[in-house]
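Inspection log for the structure reproduced underneath, given as structure tokens.
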Amino acid sequence: MVELDSHDTTAGEHRSWRSAARVRAGTARGTGGAARARLRLGAAVSVLALLVLAALLVPTLSSAPGTVDYQAVRLSPGPEHPFGTDTSGRDLFVRSLAGLRVSLLVAVVSTAVSALLGTAVGAVSGSLGGWADRLLMRVVDAVNAVPHLLLGIVIVALYQGTVLAVVLSIGLTHWATVARVVRSEVLGLRNRPYVDAAVSSGAGRWWVLRKHLLPAIVPQAALSAVLLVPHAVFHETALSFLGLGLPPHLASIGNILSDGREGVLLGAWWIVAFPAALLVATTLSVSGIAAVWRDRVVPTRRSELAL
Amino acid sequence: MAGLVARRIVLAVPVLLFVSLAVFLLAAASPFDPIHQYYGVQIFDASAADVARVRQQLGLDRPVPLRFLDWLGGVLSGDLGVSRSMRRPVADVLAERLPWTLLLAGCGLALAVVFSLFVGTLAAWRQGGWLDRLITALGHALEGIPPFVVALLAIASFSLGLGWLPVAGLTDAGSALGPAQVAEHLVLPAAVLGLSQSPWLVLHVRQSLLAAFTEDHVTGARARGLRERVVVLRHALPTALLPFVTLIGARVPELVTGAVLVEEVFSWPGVASAVVTAARAADYPLLTVLTLLATAAVLLGSLLADVAAVLLDPRVSADG
Amino acid sequence: MLNRRTLITSSMAALAVASTSCAAPSGTGGGDPANMLLADGYEPSSLNPLLGYARWGAAKFYDGLLAFDGNGRLRPALAAEQPRPSDDARTWTVRLRRGVKFHNGEPFGARDVVATYRAAIDPAYAATISSGLSMLDEVEAVDEHTVRFRLNVPYAAWPARMVMGILPASALAEAIPQERSPLNTQPVGTGPYRLAEWRRGERMVWRANRNYWGGTPRIGEITVVFATDDNTRAQRVQAGEFDGTVLPPLLAERVGGGAYRTVHHDTADYRAITLPADHPVTGDPAVRMALNLAANRSEMVDSLLGGHGEPAYTPIPPSMERFHEPEARLEFDQRRAREILEEGGWRSGSDGIRTRNGTRASFTVMYFADDTLRKKFAQAFASDAGKVGVRVELAGVDRTEAAERIGTDAIVLGGGTPLDPDPQMYPGLHSSMIGTGTYRNPAKYRNSRVDAALDAGRNTVGEAERARHYKEAQRAYVEDPGLVYLAFIQHSYVVRTGVWNGYQPVVEPHTHGTTWGPWWNVEDWTPKK
């Protein structure tokens, strides 16, 4: 719903209408909501921690996930292979977790690219103001005017089959959200009395930026970055789904699912079921954590950050 | 009003130029060599000398700025270039495919709008009740499921499980193109596209309605003891419609994303699935034009939204 | 080529096949003898012979001067009789069939042949097949029904270049790059079928050419539906929707039976790993020989192709009987491979990877990222190489990256045509081809015995004599291999039984799908009573 922001005046009005609704909804729910949120947060954090730990440790401790063994093709789940084996005889438990590691890594790195780029653009735009601000906001408009998946497809299409392409495809298309949030935060802060005071007492622009603005915008930027992670995972899966994702021999959730199609046809449902379950569990827990954090840190900004 | 439209069109020109230049530069910086596209499998026994000659013949050896100007000049004079993956003019590809995408996206959006208005109103009306909670929860859940998963689930249940609707394509394998065939094949993709767009719309309708309930004229109507149905439909809904219309215009990017995935899953022969074909083949003459087209659609959507907002509510002055 | 396609329709196809409770079959595919409904996994991007459409024949819309007879020989098509070479194989004279008309009604004659071949080598048309005709110096009309080709080198394999489809001179009047030619979507030829409709990404309808010089085809209309996903095609065949399709071997086996018969055709379509001569590891003769002995070809054929293929040691498959040298083999023997590496100075390191004078026995094999089968061959080869202490890294690449790295990194190659041994061996192994094109002898293989035999094969007109030279080339090659040829893959199809007569097995080139396959001679099929 970020797009609403581009409709200058009208958008302002909508936001006020919506926040009114939220305030009402919030009070109606009362304190029961807080307890439920704590529970939700606890569950999400523990699921995510478990998944990340497994993704980090299992492939490292176990034998190499890339080993092809044509004697052990499509074994169903059992004590030896908890998730079964794939059409090339690789253990799926290890391979799925290795894939999860790759998919998460791609998502996190590309989110970091987005967040850094967005924060830089937003901070510069907000603190400089004037023509630089207008120019940067035009660029943001242009980036927002191209549907993200389409722009992402254009980028991967031209650098097909590389990890870098997927990272760039996600990183270069999602920074505009962060830039807007950071910019409006900076604009809000600039008008605060202590910033005014600092400026009028002769402090340099960069000093003010470092001392006052940066500490205030970092949580905002970090939050919008975390909110981007599930989106980045979705983006990577969609690209793989369209046959434009990571190099196909690399273990990633998208590639494993893609490889598993043939297996499913031959009755090996586990080749698709387990990696898909891992993926869903991961994205749901990340967005669960992000949602609780968002409600706590910046309750009024909910509508802007929703992706 | 005319001023608004004119201003937006003037603003759109630099955006479109920027986007086309950006895509063109990306393509130029890409390691991908379009000559491989032109040759296809014939590259395997092509001699280096012949390849160099063909490259020159096609103008691929010219510097990037000149190629961009060539391309831009072509576009302005109505020549959109040649699609290398389809081996035909880009204009032909658009002429053949755009109507199918418009049909699908139009039907999908219409379904989404009708559905969201109905369900969103229902939820707001029963605010806090089990129906409201169910609708809100489902909406949030559906927000998190990618459209292609929805599409696969729909095919698995309605085509393969129940056998009600065809799996994919525009017509059955051997059949000629006709309205009945197309209608039958349109149902599932349009429904999936509509459904994947509706969570935001449903939640939005609900919220705007809740907000509208607090406005003076609505509380006044309630106070006058009007029936709840009349209050909701006559007084609250019109107030809530304005932000809704704006939201629809602003959702064109998501509609495009949805169309890409849905067309691909259902082998729908529209421009959105051509994006994927073009991308797989790094066919950037086609890809550039399709990106521009999508960008223009987004800008048009936001313009229409603002025009509608101004028409519906004179208090709003867009670009004010 | 097998595409790595999206998840897309596969999951549902899987569901359908698993439950076999598919949606009700619809359409006209039900064995109506006058109509045929086929499914193809590959949609041509252009129907223009100058851009490579059906360059090894079976073009349906076009005829070549010659056509493949299915048994490794060429028979006259638009030629009235076999072409007559001069003694030095540099001049070829062809008498043309009379009374043939193009689909647009224009009569066929010498000027059309001249226009087609001239366009193929004229840079202004930017034809992608020009390199294959580099030996053509000039083509001229001797009279209205005779043409003469003059070649710049002796070239006994020239008839294999005469299967290319002939276009009407009128369609080539304008010398433009062929990407803009209307022939790409509206073919005009003399072939048994004309194009009635083509909905991109959906289907193509061929209608019988009533004026076909070989007699009007009995199957009046053939619809080819494009469905890239293998599983989708399998599912739809199983639902009875199609009269036949092309499938990977295992799926074809699974779907065949009942009303369908599964057929596997021999091919000249090989898969091989190049071993770049300039690379410090793959350039070493001991490593080359050891890798050739270490590759477990028959296991690859069994596990990757379900047994539907044949181990390859050289580029000449057993199905090209007259030219195949059965003695040219490199038997699987990993113990011997290890010995050869030891003798060559490659000692086992602590991590199981051999080294020699500080050089680790390690190199990279590239494969096209969109090709599942090549990926599997690369993985299987890497696994076998690892067993003798040679580390193989894999890299999925696109065409451009492959072209940039092909001189220094190994790659999985594929291709082949059964029409003649020359195009099968010369571009890939003759040292004169080094540096003349990306995929021409990309590994820079040099062997003077192989060169001499291949040259002799080009310069000799008599068939028995030529066969002797090519057998010698194969024997010389296996003593000093520069690639690891892994397998010739069979192409697998399912065909509806009991409706038509006329199916005849064929040895296929790399190209396959509905133009080749069981339907390579579909114009001669007749309905069963």
Residues that are without any contact (Cβ under 8 Å) to a residue 24 or more places away in the chain and touching a Lys or Arg at 6+ places or on another chain (Cβ under 7 Å), drawn from the range C:55-79
C:Asp69
Subset of the range C:276-317 that is among the polar types (S, T, N, Q) and surrounded by fewer than 23 Cβ atoms within 10 Å (Cβ to Cβ) - its residue that is nearest to the other protein chains (Cβ to nearest Cβ):
C:Ser303
So which residues in the range C:190-231 are more than 10 Å from every other protein chain (Cβ to nearest Cβ), part of a loop (DSSP other than H, G, I, E, B) and without any contact (Cβ under 8 Å) to a residue 60 or more places away in the chain?
C:Arg210, C:Gly215, C:Thr216
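Residue by residue, here is whether (1) under 27 Å from the mean Cα position of the chain (by Cα); (2) polar (S, T, N, Q); (3) at pLDDT 90 or above; (4) assigned to a strand (DSSP E or B) holds:
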{"residue": "C:Pro326", "(1), (2), (3), (4)": "yes, no, yes, no"}
{"residue": "C:Ile340", "(1), (2), (3), (4)": "no, no, yes, no"}
{"residue": "C:Gly345", "(1), (2), (3), (4)": "no, no, yes, no"}
{"residue": "C:Ser350", "(1), (2), (3), (4)": "no, yes, no, no"}
{"residue": "C:Thr364", "(1), (2), (3), (4)": "yes, yes, yes, yes"}
{"residue": "C:Leu373", "(1), (2), (3), (4)": "yes, no, no, no"}
{"residue": "C:Phe381", "(1), (2), (3), (4)": "yes, no, yes, no"}
{"residue": "C:Ala385", "(1), (2), (3), (4)": "no, no, yes, no"}
Quick check on this structure: which one of C:Ala39, C:Ala77, C:Ala67, C:Ala59 is outside the structural domain of C:Ala110 (by the TED database), among the aliphatic types (A, V, I, L, M) and modelled with pLDDT of 85 or more?
C:Ala39
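Are there any helices (runs of 4 or more DSSP H) wholly within the range A:135-201 with 1 or more residues that are closer than 29 Å to B:Ala279 by Cα and among the hydrophobic types (A, V, I, L, M, F, W, C), and if so which?
A:148-158, A:163-190
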Any idea how many residues of the range A:74-119 are more than 18 Å from A:Thr283 (Cβ to Cβ) and polar (S, T, N, Q)?
5
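Given the residues C:Arg111, C:Arg150, C:Arg118, C:Arg98, which is the only one that is among the basic types (Lys, Arg), touching a residue at least 12 places away in the same chain (Cβ under 8 Å), assigned to a loop (DSSP other than H, G, I, E, B) and surrounded by fewer than 20 Cβ atoms within 10 Å (Cβ to Cβ)?
Just a single option satisfies the conditions, and that option is C:Arg98.
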Restricting the first residue to the range B:71-94 and requiring it to be in contact (Cβ under 8 Å) with a residue 40 or more places away in the chain and at the interface with another protein chain (Cβ under 7 Å from one of its Cβ atoms), which pairs with a second residue that is in a helix (DSSP H, G or I) and among the small types (Gly, Ala, Ser) meet a Cβ separation below 8 Å and a spacing of at least six or different chains?
B:Ser85/B:Ala278; B:Met86/B:Ala274
When the range B:62-105 is checked residue by residue, the ones that are on the phi < 0 side of the Ramachandran plot, of a type in the set (Lys, Arg) and crowded, with 16+ Cβ neighbours inside 10 Å are B:Arg67, B:Arg84, B:Arg88, B:Arg97
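Condition first: surrounded by fewer than 20 Cβ atoms within 10 Å (Cβ to Cβ), within 13 Å of another protein chain (Cβ to nearest Cβ) and on the phi < 0 side of the Ramachandran plot. Now tell me which residues in the range C:419-438 satisfy that.
C:Ser432, C:Ile434, C:Thr436, listed by residue number.
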Exception for C:Glu393 within (1) under 16 Å from C:His279 (Cβ atoms); (2) buried (at least 20 other Cβ atoms within 10 Å of the Cβ) falls at (2)
Taking the criterion of being in contact (Cβ under 8 Å) with a residue 60 or more places away in the chain and facing chain B (nearest Cβ under 10 Å), would at least one residue in the range A:214-227 satisfy it?
no
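So which residues in the range C:232-265 are part of a helix (DSSP H, G or I), within 10 Å of another protein chain (Cβ to nearest Cβ) and touching a Cys at 6+ places or on another chain (Cβ under 7 Å)?
Answer for the range C:232-265, where residues must be part of a helix (DSSP H, G or I), within 10 Å of another protein chain (Cβ to nearest Cβ) and touching a Cys at 6+ places or on another chain (Cβ under 7 Å): just C:Gln235.
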Looking at A:His148 and the list (1) within 14 Å of chain B (Cβ to nearest Cβ); (2) crowded, with 24+ Cβ neighbours inside 10 Å, which single condition is not satisfied?
(2)
Number of the condition not met by A:Ala157 [criteria: (1) out of contact with any Ser or Thr (no Cβ under 6 Å at 6 or more places or on another chain); (2) surrounded by fewer than 22 Cβ atoms within 10 Å (Cβ to Cβ)]:
(2)
Output the number of the condition that C:Lys529 fails; it satisfies all remaining conditions of (1) free of Cβ contacts under 8 Å to residues at least 12 places away in the same chain; (2) buried (at least 24 other Cβ atoms within 10 Å of the Cβ).
(2)
Based on this model, can you work out whether C:Tyr503 counts as assigned to a loop (DSSP other than H, G, I, E, B) and among the aromatic types (Phe, Trp, Tyr)?
yes
Test B:Leu203 against the stated conditions and say whether it is farther than 22 Å from A:His148 by Cα and not in a helix (DSSP H, G or I).
no
Go through the residues of the range C:198-212 one by one and say whether even a single one is among the polar types (S, T, N, Q), more than 28 Å from C:Val507 (Cβ to Cβ) and modelled with pLDDT of 85 or more.
yes
C:Leu47 vs. criteria in a loop (DSSP other than H, G, I, E, B) and in contact (Cβ under 8 Å) with a residue 12 or more places away in the chain
yes
Considering the range B:189-221 alone, what residues qualify as being in contact with an Asp or Glu (Cβ under 8 Å, 6 or more places away or on another chain) and polar (S, T, N, Q)?
B:Gln197
Unmet requirement for C:Ser298, which otherwise passes all of (1) touching a residue at least 60 places away in the same chain (Cβ under 8 Å); (2) more than 21 Å from C:Phe68 (Cβ to Cβ); (3) in a helix (DSSP H, G or I); (4) not assigned by the TED database to the domain that holds C:Gln504
(1)
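The values are calculated or read from the model by the stated rules, or taken from the named source; none is laboratory data. Given the structure is predicted, the values throughout are model-derived calculations rather than measurements. Glycine gets a Cβ as well: all are built from the backbone with ideal geometry, and neighbour counts include every protein chain shown.
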